[in-house]
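Only one structure is covered here, and it is reproduced in the block below.
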Amino acid sequence: MTPRRGHSLLLLALGSMACAQQQAPPADVGAPVQARQDSGWNMAPDGGSQRDVSQRPPDGGTVPCSDDRPCEDGRACSVTGACHDGECLTHGDCGETAYCVEGLCGQRRQRRSLPRFQRRLAGELTSHRSGDRYGRQSGGYGFGFALLDFDGDQDLDVYVTTPYQRQDRTPNCLYENLSRPGFLHFEPVTAYCDATDGESVGAAAMDLDGDGHHELVRFGLGLTELIDFRRQRRIDLLAGLPEDHPARRCLGGSFSSLDLDMDGRVDLVVGCQFGAHVIQEAMALLEGTPELQYHPLLGGAYRRCLPGEPCAYEDLGLGLPACDTGLSRVLTGFNERCVLEERPANALRFVAMENRFWRQDEEGALGLVDDHGDLGFLRDDGSALGVSATDLDDDGLLDLIVANDSLMGVARLHVDERDLILLSDEGPNRLLDFGRQPAEDNARSLGMADPGAPENPNFAWGIVVDDFDRDGQDDVFLAQGPLPGLMNGQPNSSWQAHQDRIFLQRDGRFEPYDTELGFDEASTLDSTEPNRPFSSRGAARTDLDGDGWLEILVAGLEGHLLIHSEQPVIDQDPRCHLIPVDRVVPGFGLGHAVAEPNRQRWRQWDLQGQHRVSTSPWILAPMNRGWLRFPSGAQVPFDCEGGAGPLVVEEPDWIQLEGDALTIEPPWLGAPPAFVYLQQRDGDRVQVHPFEPGRFRLTDNDVPRGVPFLLRIEGRWLARWFVR
């Protein structure tokens, strides 16, 4: 077996990239600088950028300079060799104890101080004004965004959606990343900023070719469109379906790209949300039939059953007592044990909300799969506000979680030697331990419930997980914002009670530090509405300007996209931005884990399932050097050499199947693996064969020709079917 796709555009020798040094001796920390907005780059008709010196951005950076060639008009010469207007163009212009923020220098924090974030502007990206048709008929879900590298230049661009387009709203738009360390700058790509595109609620990135140029999938009511930037084409993924097909009414608002059938290609799972038509039908039914009973949409966690078992996924539930998965199945007839004894004649099922699955074929195209077989989560019909995949039990097989209705965001946390699943919620959040059945909720005992006041319960949506204070423990950012229908006419203090929260882990418990870390109360300037402060929805983490310090992006009900940037620290290496190149099992941000050089604990933050937001396809490691584990189980060391990257890390060519010869040479083990098991799939017949070290020639007694089989190496499954 050889890699299915070539990666020649991305391959770099591991450890050979020279990362810029940014270390400095200790110094006192001053106040953060106030960011300022930039503008003035025009766009070429083909969507590329053209620099107009008469309207250059305030950072300059387009005129070269040196000691022998000073800048004119009193402008300064940056350490990058470019003229600029402000105090600095990049961090290096501010000296060893300071950092640059949009042309101004500020003092770095002390290494052992609390982390600190400050608001940043990023040109037209943060000038984008979005909105939502909110109220009783929409749920007030807000807008979304996607992080992607559409041009293959190894920085992340941003696509921002506008669900409700009117004259004072910005159309759906792709923004090209033109930032440099210390200066966030984005410009619209006019070819993909068009008000006639249709209303879009969310967007997701994919890499179908594995070539480093990402594709975009836009979602709206009856809209599921793939945008291929390299080939300049748009593909309607719903084209060819009958007009009455339920997928045509899907309002896609959550998504995850993973290899569901383990054939080496990335597939797409889309969670359908409540649209106006569904809410109207449901409310009319409930109001007209008061004797009907229904339950909240609870969702479920679906663990892939082990190979050879009759089911495809095991429904683990979310540890919540309920008779039904929800409003989409308005049912009566449950007994006291929550067992449905009979389905009443008036039961309804709004199939338009069923989650959808697209499979990638050998030609690289995505095709809608209407016959889902045993993939039970695809029939978890509900308003899927959060959908994401992770390996719950570290067996090498990705599992999937669907958070429905009042459950909104999904994330994975490591607490007290346990991996827990955080579900943000309306009211108390849930922190579930799937090591117990039924799943055990730890949110209150660990300080993560945060329900808010009884008269004004919290609405928590997007989740970001990171080690914010770099102490080796997982911390949490919650994007919180109320629904407009509950808050219209309320004083601003009621809205501001729903401000975003950040929790640091302290001795196995989570404590709120949002004010101390620089997260201010919501503002009407951010919402652009005088009567409603900003109401947060989805969130994601990344490094936009390539300096190794975090940016947290937050989308809301309406208004501007918010960017919170981490202030650099004195004498501390920045985070390392990794671009994985998968050979055996495709991941695109899922299934990867990082570890310190000693590899004592793998940190896996792929499960950050966001409402209407596509999380970063790349890995932002909290350590500057260590190990990256690929979805196949392959392990590769990385070292950013004190800089931030990005560092392209290629999975080694460590497993080959040629004829009957199965060769497994994992360099991270230093020797052939001591335990290799083969498990074949042939109808209901399953055989497991352990291999002794060095014995890798297959026979018909091991597995017949043409019968797919899986491998389990060092206790973990390799999630890819092989065929002799």
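Points worth noting:
- In this structure, the amide hydrogen of ASP543, modeled 1.01 Å from its nitrogen in the peptide plane, lies closer than 5 angstrom to those of GLU551, counting only residues at least 5 positions away or on a different chain.
- Nonlocal amide H pairs with ALA82, under 5 Å, H built at 1.01 Å: CYS65
- Surface analysis of the stretch 151-246 yields an accessible area of 35 Å² per residue, using protein heavy atoms and a 1.4 Å probe.
- With a cut-off of 9 Å between beta carbons, the residues surrounding GLY396 carry a summed charge of -1, where Lys and Arg count +1 and Asp and Glu -1.
- Around the amide H of THR224, modelled in the peptide plane, lie the amide H atoms of LEU237, LEU238, all under 5 Å away and 5 or more residues distant in sequence or on another chain.
- Shape index of the stretch 403-455: Rg/Rh, with Rg the Cα radius of gyration and Rh the Kirkwood radius from the inverse mean 1/r over Cα pairs, equals 0.97.
- The phi-based Karplus calculation (6.51 cos²θ - 1.76 cosθ + 1.60; θ = phi - 60°) puts the 3J(HN,Hα) values of the stretch 211-226 at 10, x, 9, 7, 9, 10, 10, 9, 10, x, 5, x, 10, 9, 10, 9 Hz, whole numbers, x for Gly and Pro.
- For ASP371, the solvent-accessible surface with a 1.4 Å probe is about 120 Å², rounded to the nearest 10.
- Inverse of mean 1/r across different Cα pairs in the stretch 141-255, Kirkwood, Å: 14.8
- Taking 7 Å steps out from each Cα toward its Cβ at ASP168 and GLU72 produces label points 4.4 nm apart.
- √(5λ) per eigenvalue of the Cα gyration tensor, the stretch 63-214, largest first, Å: 35, 19, 16
- Counting only protein heavy atoms and a 1.4 Å probe, the stretch 356-494 has 33 square angstrom of accessible area per residue.
- Computing Rg and the Kirkwood Rh from the Cα coordinates of the stretch 522-596 gives a ratio, Rg/Rh, of 1.11.
- 3J(HN,Hα) along the stretch 234-241, derived from phi through the Karplus expression 6.51 cos²θ - 1.76 cosθ + 1.60 where θ = phi - 60°, amounts to 10, 10, 7, 6, 9, 4, x, 6 Hz, with x in place of Gly and Pro.
- Available extension along the chain between THR699 and SER127 is 199.6 nm, counting 0.36 nm per residue and deducting the alpha carbon span.
- Euclidean distance between Cα centres, the stretch 173-234 to the stretch 73-121, Å: 30
- Carbon/sulfur fraction of accessible area - the stretch 519-576, other protein chains in place, 1.4 Å, %: 40
- Applied to the stretch 66-80, the Karplus parametrisation 6.51 cos²θ - 1.76 cosθ + 1.60 on θ = phi - 60° returns per-residue 3J(HN,Hα) values of 6, 4, 8, 9, x, 6, 8, 6, x, 6, 8, 9, 6, 5, 7 Hz, with x for Gly and Pro.
The values are calculated or read from the model by the stated rules, or taken from the named source; none is laboratory data. Quantities reported herein were computed from a predicted structural model and do not represent experimental measurements. Cβ coordinates were reconstructed from backbone atoms using ideal geometry, including for glycine residues, and neighbour counts include every protein chain displayed. The protein model used for the area step is the full one, side chains on, heavy atoms only, and it has no ligands, DNA or RNA in it. Shrake-Rupley method; radii C 1.70, N 1.55, O 1.52, S 1.80 Å.
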